[in-house]
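Derivation of every value follows stated rules applied to the coordinates shown; laboratory data play no part. No experiment lies behind these values; they were computed from the predicted model shown. Cβ coordinates were reconstructed from backbone atoms using ideal geometry, including for glycine residues, and neighbour counts include every protein chain displayed.
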Amino acid sequence: MLFTGRLTAKAEVKAVKGDKQVINFTVAINQKWKNKAGEKKEKTAFVDCAYWRNSGIAEYLTKGAVVEISGWMEAQGYQSKSDGIKARLNCTCDTIKLFSLTAKSEKATDTKTKKKVTAGAGNQPDEDDLPF
């Protein structure tokens, strides 16, 4: 299955047996159309995804990022105590393509602080501080 959508939240990396890691995230797929009366309609499908190949991509899988996913899709039904029968779409991802990023990873913004420096007066050391 191949689909494109937006991440609903930041991806989570979970450790499983041994040293394996899985990245879990949810993708929203929107469908928009007009009915016969010309009214705009929209519906959204949510797909729970699992990616097992490289946990390094998790820092780029942030809320709102547009991704293209290819993988194996499966629908799972279950009985809800309050709402009756429900279903979930699950995808085991083979490939992930990033098309747009909405935010940088929290680690990158926290650890790197940029200091703006402008060329010109005020940035020159005092004459007393010169080593010669």
task = Could you order peptides 80-87, 51-58 by the average number of other Cβ atoms within 10 Å of their residues, highest first?
result = 51-58, 80-87
task = Pick out, in residue order, every one of the GluC sites (Glu not before Pro) in the stretch 1-102 that is DSSP loop and has at most 14 other C-beta atoms within 10 Å; say none if there are none.
result = GLU39
key: Rounded FRET efficiency, nearest 0.05, which uses the C-beta distance separating LYS34 from THR95 and R0 of 25 Å   = 0.15
